[in-house]
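The values are calculated or read from the model by the stated rules, or taken from the named source; none is laboratory data. What you are looking at is a predicted structure, and each value in this text was computed from that prediction instead of being measured. All Cβ positions, even for glycine, are placed from backbone atoms using ideal geometry, and neighbour counts span all protein chains on display.
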Amino acid sequence: MLGKKLYFFGGKGGVGKTTVSSAFSLLLAKAGKKVLIISTDPAHSLSDLFETNVGPEVREVLPNLFATEIDPGKEVSTYVESALNAVERAVSPEVFSQIKEVFHAVEHTPGVEEAVTVDTLSRKILDNLRGFDCFVVDTAPTGHTLAMLRTVERVGRWMEELIERKMRAESLKEMAGTETGGHGTLRILKERRERLTGFARLVFSEDTLFVPVMNPERLSILETERLIENLEHMGVGVTHLVVNKVLPEETDCEFLRKRKTQEREYLELIGKRFRNLRVLTLKMKPTDLKGIGDLEKVAEELEAEL
Ligand SMILES: Nc1ncnc2c1ncn2[C@@H]1O[C@H](COP(=O)(O)OP(=O)(O)OP(=O)(O)O)[C@@H](O)[C@H]1O
Ligand SMILES: [Mg+2]
C-alpha cells in the first residue's frame, strides 16, 4: 500500500474517512515522506481534526505533513464570479443582466460541483506534483466521490469537444473578417485539457490507490461492495480495505456482547466478500477522535495492520 503517489479514502458518511486518511498521512509523514492531504468535504473536517485552521491554501500542519481544504460550493461561486466579470466587460448592461441569470442557474446544475472539484483537485495535485512525495484525498461520501471520478473519466472528452467547437467558431469568424480575440480562450482551454487528461492518466494508473473505509455493519458492507464494483469498472486500483470502529473483544456488558456477536458475523462476511483485498481493522475508541495525540494512536494502529 505504501509507495503510491495518490491515495483516495472514500466510503459512506461518518465511517471514518477523515480520521483514517489523516492518520495514514501522518504515518507517511513520520516515515519521512512529504505529504499533502486534500479534503473535498465542505465541512472543514481537517481543520476540526487537526485543531487548526487549514483553509484553501496549502499549509504545513505538522513536519512533512501539509493540508488544504477544497470547498466545492465556494469554488463554483468563485468560477461563476470570475466568468461574469469577464463577460461584463464584453457586453452591454442589458445583455449582461440576462447572462447573469443564466450563469447563476448553472451554479446549481447537477454535475457542476463535481466538475469544479475535479478542476481544483487536479490543479492542487499537478501544480505540486514534484513538491510532494504523495497526495492523500479525504473524499466526500460515496455518491459524490463516484460522480467526481466519473467526471475525471469524461472530462478529457468534454474538453476536446469544447476546443473543437471553439476552433470552428474562430475559423468562421476569421472567414467573415471579424476580429475575434478568441485565441486566448483557446489557449486556456488547451491548457486545461492538458492538465485534466494528465490528471486522469494519474488517477487511472498504478500510481493511484483507492482505499475504501467502512464499518462492520450491514449497510456499510452493501455500500462498499457497490463502491468497489464501480471503482473496478472504472479501472481505479483497490487493494486494501479499512474496517473502522471494530468493537473490543472483551466486555462485561451484556448489550455490547450481543453487538459483538453480530459484529463477528459481519467481520466474517467482510473476509469472504472482499477476499481479494487486504483487510485492515481499527478498533472503536471509547471517545471521538480529535487532535494530534489521537491521530498518532490511530496511525500506530494502522501501521501495525499494514
Ligand atoms: N475508531 C474510531 N473510534 C471512535 N470514534 C471514531 C473512530 N473513527 C472515527 N471516529 C469518530 O467518528 C466520527 C466520524 O469520523 P470521520 O469524521 O473521520 O468520518 P467521515 O467518514 O470522514 O465522515 P463524513 O462522511 O461526515 O466526512 C468522528 O466523530 C470521529 O471522531
Ligand atoms: Mg469526513
Being in a loop (DSSP other than H, G, I, E, B), closer than 23 Å to ARG195 by Cβ and at pLDDT 95 or above is the requirement here; does PHE132 meet it? yes
I need the full set of residues from segment 269-299 which are farther than 19 Å from ARG218 by Cα and touching a residue at least 24 places away in the same chain (Cβ under 8 Å), in order please. ARG278, LEU289, LYS290, GLY291, ILE292, LEU295, GLU296, VAL298, ALA299
Among the residues of segment 53-90, which ones are touching a residue at least 60 places away in the same chain (Cβ under 8 Å) and assigned to a strand (DSSP E or B)? LEU62, PHE66
Tally, over segment 5-35, of residues that are away from ligand 2 (no atom under 13 Å from the Cβ), within 15 Å of the chain's Cα centre (by Cα) and charged (D, E, K, R): 1
Is at least one residue of segment 225-236 assigned to a loop (DSSP other than H, G, I, E, B), within 19 Å of the chain's Cα centre (by Cα) and under 25 Å from ALA147 (Cβ atoms)? yes
How many residues of segment 135-167 are in a strand (DSSP E or B) and within 16 Å of ligand 1 (Cβ to nearest atom)? The answer is 3
I'd like to verify a number: residues in segment 36-68 that are hydrophobic (A, V, I, L, M, F, W, C), within 16 Å of ligand 2 (Cβ to nearest atom) and in contact with a Lys or Arg (Cβ under 7 Å, 6 or more places away or on another chain), how many? 3
Name the single residue, out of those in segment 116-162 being among the acidic types (Asp, Glu) and touching a strand residue (DSSP E or B) at 6+ places or on another chain (Cβ under 9 Å), that is nearest to ligand 2 (Cβ to nearest atom). ASP138
So which of LEU46, LEU36 is in a helix (DSSP H, G or I), at pLDDT 90 or above and assigned by TED's automatic domain parsing to the domain that holds GLY131? LEU46
Within segment 114-151, how many residues turn out to be within 24 Å of THR224 (Cβ to Cβ) and of a type outside the set (Val, Ile, Thr)? 14
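For (1) at pLDDT 80 or above; (2) under 30 Å from GLU268 (Cα atoms), each residue gets a yes or a no:
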residue: GLU160; (1), (2): no, no
residue: SER171; (1), (2): no, no
residue: ALA176; (1), (2): no, no
residue: GLU191; (1), (2): yes, no
residue: LEU202; (1), (2): yes, no
residue: GLU206; (1), (2): yes, yes
residue: GLU217; (1), (2): yes, yes
residue: SER220; (1), (2): yes, yes
Only one of these conditions is not met by LYS33: (1) of a type in the set (D, E, K, R); (2) under 28 Å from VAL238 (Cα atoms); (3) within 16 Å of ligand 1 (Cβ to nearest atom). Which number is it? (3)
If ARG264 meets every condition in (1) of a type in the set (Lys, Arg); (2) more than 16 Å from ligand 2 (Cβ to nearest atom); (3) closer than 21 Å to THR19 by Cα apart from one, which number is that one? (3)
Looking only at segment 246-302, how many residues end up being among the hydrophobic types (A, V, I, L, M, F, W, C), surrounded by 13 or more Cβ atoms within 10 Å (Cβ to Cβ) and not in a helix (DSSP H, G or I)? 9
